[in-house]
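Here is the structure we will look at, set down as structure tokens.
The values are calculated or read from the model by the stated rules, or taken from the named source; none is laboratory data. All of these numbers come straight from a predicted model, not from anything done at the bench. Cβ placement follows ideal geometry from the backbone for every residue including glycine, while neighbour counts extend to all protein chains displayed. The accessibility values were calculated without ligands, DNA or RNA, using every heavy atom of the protein model including side chains. Shrake-Rupley method; radii C 1.70, N 1.55, O 1.52, S 1.80 Å.
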Amino acid sequence: MAVVQKWREGMSSDNVKGLVLALSSSLFIGASFIVKKKGLKKAGASGIRAGVGGYSYLLEPLWWAGMITMVVGEIANFAAYAFAPAILVTPLGALSIIIRQENFTLKFRFGNLELIAKHCFSRSAVLAHIILRERLHTFGILGCILCVVGSTTIVLHAPQERQIESVTEVWDLATEPGFLFYTALVLTAVFILIYQFVPQYGQTHIMVYIGVCSLVGSISVMSVKALGIALKLTFSGTNQLVYPQTWAFTLVVITCVLTQMNYLNKALDTFNTAVVSPIYYVMFTSLTILASVIMFKDWDGQSPTQILTEMCGFVTILSGTFLLHKTKDMADGPGLSTSLSMRSLKHEEDDGFSEGIPLKRQDT
């Protein structure tokens, strides 16, 4: 109890609100990936797949159900950025990767976090088992534990949210030379990927689609945070809608989200989810933290020890994510030989793999 009390005293009320919203977002977004993936498969079976430029999934109700679930999660995520720094909110996306998985239930004892873990895992176990028929290896369970431990480490050492009184302050931060230089690099890389690499390598190299999503995503998160701050201030009585900067950030958010949605759909439809999810998480989170450190200067008020601890927590999450997806198609006990036989058969039938996990999407 003393540790929990100390933790609560060390976190601001805004950070606590952001934490709760981020955890809720992970639940909804994680479930939406399962439903959207199922919808993409159904649409691809009767029409042109999204991976080759088709949009038949827009007529699939299951895909729209996944989209609605994702929208709810993104709204919670959007609100979380308005209350807490990106270095706290973004790494918690690892919990949505856990929620997308397998048939198991875990009990974690991190004070009040135990109830959240039970709730998320028990619901996701039923959903993933019914829809995707996925199982989890013991090392996958260890990966989940690492993700939760890493997330908890970051939560306990996250910086306090910067106090901003107007959206114009955010605009000033966004137009500083450091962030303008970062934005120019991102836009240049995105245009090169879209016009030079996507036509030639989009169907064979997973980093092309995910690179576009991650680069654009780092800019969209900064704009989402700016827009969230503007709306929070507006609802608290200081109208920010009269500033053109608010609408500029809104335009950037819409453009970036549509771009991410398009290329993420292509990646999910073309490559195995077990490969897409961890790579996308690592790239997106790393670039978002970098963008936040440049724009909002999250680390300015922290000691080197705190920064190092946060980075260790992030590396722990990356390790857990790797283990979770590396053993995604493995199972314990008598079923292990069967699982290995099926994976061996898949090796003979498909061309693209990533050391035991098929790189390409497979239909059964």
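Sorting 276-283, 224-231, 38-45 by average packing, meaning the other beta carbons within 10 Å per residue, from highest down gives 224-231, 276-283, 38-45.
Solvent-accessible area per residue for the range 160-301 at a 1.4 Å probe radius, Å²? Can you show the working numbers first?
On the way: 6220 Å² over 142 residues.
Accessible area per residue, the range 160-301: 44 Å².
Largest accessible area first, the listed residues MET222, MET207 line up as MET207, MET222 when surface is computed with a 1.4 Å probe on the assembled protein chains.
Annotation: amide H of PHE271 within the under-5 Å range of ARG361, sequence separation 5 or more or interchain, hydrogens built in the peptide plane. Per-residue extension of 0.36 nm, minus the Cα-Cα distance of THR305 and SER286, leaves a gain of 4.9 nm for this segment.
If TRP64, TRP247, TRP299 are ordered by their accessible area, calculated over protein heavy atoms with a 1.4 Å probe, which sequence runs from highest to lowest?
On the way: TRP64 120, TRP247 145, TRP299 65 Å².
If we order TRP64, TRP247, TRP299 from most to least accessible, we get TRP247, TRP64, TRP299.
Solvent-accessible area of the range 160-301 (1.4 angstrom probe, protein heavy atoms only): carbon and sulfur portion equals 71 percent.
To the nearest 0.05, how large is the calculated FRET efficiency for GLN160 and ILE48 if R₀ is 45 Å and r is the Cβ-Cβ distance? Don't jump to the answer; show the numbers that get you there.
On the way: r = 49 Å, r/R0 = 1.10.
For GLN160 and ILE48, the calculated efficiency is 0.35.
Per-residue 3J(HN,Hα) values for the range 167-174, derived from phi via the Karplus relation 6.51 cos²θ - 1.76 cosθ + 1.60 with θ = phi - 60°, read 5, 5, 5, 5, 4, 4, 5, 6 Hz in sequence order (x marks Gly and Pro). Dipole check for the range 160-301: with +1 at the C-beta of Lys and Arg, -1 at the C-beta of Asp and Glu, and the Cα centre as origin, the magnitude is about 300 Debye.
Once the other residues with Cβ under 15 Å from the Cβ of PHE83 are scored (Lys, Arg +1; Asp, Glu -1), what is the net sum?
Working: positive: LYS17, ARG162, LYS225, LYS232; negative: ASP14, GLU161, ASP298.
So the surrounding residues net to +1.
Panel note: the C-alpha atoms of the range 160-301, placed on their principal axes, show extents of 50, 29, 26 Å (largest first).
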